[in-house]
Amino acid sequence: MIYREAGDFKTSYRDDGQTFPIRLDRWGYYALLGVAFLVVPFVIDSYWANAVLVPFLIYAIAAIGLNILTGYAGQVSLGTGGFMAVGAYSVYKLMTAFPGVPIFVHILLAGAITAVVGMLFGLPSLRIKGFYLAVATLAAQFFLVWLFNKVPWFYNYSASGQINAPERTVFGWAVTGPATSAPAKYLTCLVFAVVLAWIARNLTRGMVGRKWMAIRDMDIAAEIIGVNPLTAKLSAFAVSSFFVGIAGALLFSVYLGAAEASEAFGINKSFLVLFMIIIGGLGSIFGSFAGAAFLVLLPVLLKNLLVVRLGWPTDLAAHLELMIVGGLIIFFLIVEPHGLARLWRLTKEKLRLWPFPH
Amino acid sequence: MKLKLATVALGAILAAAPAMADLVVPNLSYRTGPYGANGTQYADGFNDYFTLLNERDGGIGGEKIQTPECETAYNTEKGVECYEATKGSGALVYNPLSTGITYQLIPKVSADKIVLYTPGYGRTSAKNGSVFEWVFNAPANYWDGASVAVKYLLDQSGGDLKGKKVALVYHNSAYGKEPIRTLQDLSKKHGFTLTELPIDPPGQEQKSQWLQIRRDKPDYVLMWGWGVMNQTAIQEAANIRFPMENFIGVWWSGSEVDVLPVGAAAHGYKSLTFNGVGTDYPVYADMKKFVIEPGKASQGGQFVGSALYSRGMYAAVVIAEAIKKAQELAGTPAINATQLRDGFEALGITPARLTEIGLPDFGPEIKMSCDNHGGSGMARIQQWDANAKKWSLITEFTEPDQEVLNPLIAADSEAFAKEFNITPRC
């Protein structure tokens, strides 16, 4: 009844093409941004930041990155963990080599370095497709982790191969290092997540995104109508790796503060992010957020429910958690193979007709 | 309305545990995953000793001890979540049993002013208390272990290791890489050649490394392994018929779960240790009476007396003694984490005190101070008897080679102090 286009007149093509054409959606979006920027930083405590919101935002960035590559451009990648490691180790090297430069610059540079590495590993995509490309990116995953373990220069010759994030500030506020306050951590990740999601949304509905989707849907047809597969595929790899690199840099510098390549950026991480976009919905920015929320928040929620509220043994709860999350993944994929984003879209369509569906 | 209720419920569920009144010693354990078989025994020993103190003595100095458990699965992200979830409850000291999580927590506990006790694991240079104010790693650390192992090898080969070949099989992580620097220095000092063989975690796949060992024929193999990696390595060593008495693991590679799956072939395997094993200690009479028989033992007490159970219990003993010392110094039973740090720094556990607790000769003597957070570093060697299915201690407590270790510790802790702008306090 309220949720509908009627009465919301668009007088220009620009208005007509906007992301949220329905007024209620638009208001909801602004309200969400308002709460996220103006309310949450004042009420957030370190548990909410470190265990819930910061990982959620970081994984959302990584999921958007992978979604650009896999969801929009159709190139399957299992190298996400390795590319996140590139971001993390780049930011570490930059932070320790140039302590005077603002950390935001380092994080962006880390993304740029990852973009270059991603393009390099994206080269095989010009010759191979599908499962074969997945194997090539798997090689990137193992090679990069091996490299960061093997060459001591990457971890500044520390005895244990661990990298530690020293304290760096933005406008006098610590955003990395142990003294970082919860709002600073949260806001840093939020700024990156919002800006990157905005960029991704606008890229994917512009010419670049259309080229990616053309390649995804049928590469030969795309080539015939004039899409250059070389630039389309490599730009998808570059943009995707840029996002994933920033997620890795934030994961190491803001969230964890210390990391080692094989533990923090192993193959499990690649699968985790891939599951996020499959559950969230391929080719959807909202889906990236929904998938990240599902896989980051649900385990924490279940743990708190079973262990803290119900007092069950921790091992039993941990096993049940795996079973429940696994079961829910199967359930969602059976009910809606196109992910949470599709469920959300269906809900909105139903809402438009409500309460007179016929 | 429904949505609102759901939001409120969600908020309540996601929020951390409420504050508690007693002395809180969170147990960041892991009972699942590839390291679960080892972690679960350690956690049981840790829990049971505090249960014993609560049941028999009414806690420490009249204050009950709570050990809220949180499952980390040896995963650093879950470890951070557990730390954040429990630190608000007045946590005094953490013992995460993971070198990765320890590295994660060292800067955090220093900012939050909570003690981190990492017996036999964690960051070795945390021994230097003037840089690492909140971290303690007594009674021994990895470099002590490496040095004691090499001393034992020296003994075995008649005081001379020149021209001998030693291979190090290690978990390719911060944990496994820790001893490399020390072993390199020791190899220069004693003239043996060191081969480093990394094994990627979790470590079920190590055929190629053992093929290399079979080809190179090293005189001794040292192992820094954990979880499933241990039993796989011992099985592979048995497969290539490597003499078990020349195969020495660090203390984390010396528990029943590591050798039992290999059966008779594991006979003679050796490992370092810094605590006693088995139930032949007087404390187990009380343990049986107050904890096991009333059914209060963690997981029903199925692992009582095992190597890792004993080590978990030993960690609890040291923490309990430090709490007691802190209560004496502070003059109040309800201590906070800062007072506990003082208690740790003033801690001295003599053999007489260990006997009093009911654990004679269970661990080395511990004497800590402001600049020494690592104790004496003494360790001993135990050997597996596959027929009797038990570990037997084959050496006395041995001092590590401090002449080699001290410069390394100074260098590594200085690097950390520089990185984090810490001025040494004592």
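Computed from the coordinates by the stated procedures, all read-outs in this text should not be read as laboratory data. Since the model is a prediction, treat every value here as computed from it, not as a measurement. Here Cβ is always computed from backbone atoms with ideal geometry, including for glycine, and neighbour counts include all displayed protein chains.
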Near B:LYS296, which aspartates and glutamates are there with a Cα under 16 Å away, not counting those fewer than 8 places off in the same chain?
-> B:ASP44, B:ASP48, B:GLU55, B:ASP57, B:GLU69, B:ASP286
The size of the Cβ-based charge dipole (Lys, Arg +1; Asp, Glu -1) of chain A about the Cα centre, to the nearest 20 debye, is 560
In debye to the nearest 20, how big a dipole does the protein assembly as shown give about its Cα centre with +1 on each Lys and Arg Cβ and -1 on each Asp and Glu Cβ?
-> 2540
Taking R0 as 25 Å, what's the FRET efficiency between A:VAL43 and A:TRP173 from their Cβ-Cβ distance, rounded to 0.05?
-> 0.90
Where GluC sites (Glu not before Pro) fall in DSSP loop in the range B:347-426, at most 15 other Cβ within 10 Å | B:GLU396
Shape of the range B:325-377, Cα gyration tensor, a/c cut at 1.5 | oblate
Give the cross-link partners of B:LYS151 among the lysines, using a straight C-alpha distance below 22 Å as the criterion and excluding same-chain residues fewer than 8 apart.
-> B:LYS127, B:LYS162, B:LYS164, B:LYS165, B:LYS177, B:LYS188, B:LYS189, B:LYS217, B:LYS270
If you take the square roots of the eigenvalues of the alpha-carbon gyration tensor of the protein assembly as shown and sort them as a ≥ b ≥ c, do you get rounded (a/c under 1.5), prolate (a/b over b/c) or oblate?
-> prolate
For residues of A:302-314, the mean tally of beta carbons on other chains within 10 Å = 5
Can you figure out the FRET efficiency of A:PHE286 with A:PHE98, using R₀ = 45 Å and their beta-carbon distance, to the nearest 0.05?
-> 0.75
Could you tell me whether the range A:1-152 comes out rounded, prolate or oblate from its Cα gyration tensor? Rule is a ≥ b ≥ c as square roots of the eigenvalues, rounded for a/c under 1.5, then prolate if a/b exceeds b/c, otherwise oblate.
-> oblate
Computed from the beta carbon distance with a Förster radius of 22 Å, FRET efficiency for A:TRP146 and B:ASP216 to the nearest 0.05 stands at 0.50
Taking a cut-off of 16 Å between Cα atoms, list the aspartates and glutamates near B:LYS418, but don't count ones fewer than 8 places away on the same chain.
-> A:GLU167, B:GLU133
Segments A:240-249, B:116-125, B:256-265 sorted - mean Cβ within 10 Å per residue, highest first = A:240-249, B:116-125, B:256-265
Filtering chain A for DSSP H helices with an axial alpha carbon extent of at least 24 Å and a Kyte-Doolittle mean of at least -1.0 returns A:80-97, A:103-122, A:130-150, A:182-204, A:229-250, A:285-303, A:314-335
Would you kindly state how much longer the chain becomes between B:LYS389 and B:LEU260 on full extension, computed as 0.36 nm times their sequence separation minus their alpha carbon distance, in nm to one decimal?
-> 45.7 nm
Could you order peptides A:29-42, A:98-111, B:238-251 by the average number of other Cβ atoms within 10 Å of their residues, highest first?
-> B:238-251, A:98-111, A:29-42
How far, in degrees from 0 to 90, does helix B:2-14 lean away from the longest principal axis of the Cα atoms of chain B, to the nearest 10?
-> 50
Angle between the Cα long axis of helix B:228-239 and the longest principal axis of chain B, 0 to 90 degrees, nearest 10?
-> 20
Where the centre of each part is set by its Cα atoms, how far does the range B:170-197 sit from the range B:43-101, in angstrom?
-> 32
Rounded to the nearest 20 debye, dipole of the range B:163-282 from Cβ charges on Lys, Arg, Asp, Glu | 540
Per residue of B:84-91, other chain Cβ atoms within 10 Å number on average 3
Where no second cysteine Cβ lies under 4.7 Å, the cysteines concerned in the protein assembly as shown | A:CYS189
In degrees between 0 and 90, to the nearest 10, how far off the longest principal axis of chain B does helix B:402-419 point, with axes built from Cα atoms?
-> 50
Other chains' Cβ within 10 Å of B:119-125 residues: what's the mean?
-> 1
Pop a pseudo-label 7 angstrom from the Cα along the beta-carbon direction at both B:GLN302 and B:GLU55 and give the gap in nm to one decimal.
-> 1.9
For the protein assembly as shown, share of DSSP beta bridges that run antiparallel, in % to the nearest 5 | 40
Calculate for the protein assembly as shown the 222 nm mean residue ellipticity that helices alone would give, adding -39,500 (n - 2.57) per DSSP H run of length 4 or more and normalising by residue count, nearest 500 deg cm²/dmol.
-> -16500 deg cm²/dmol
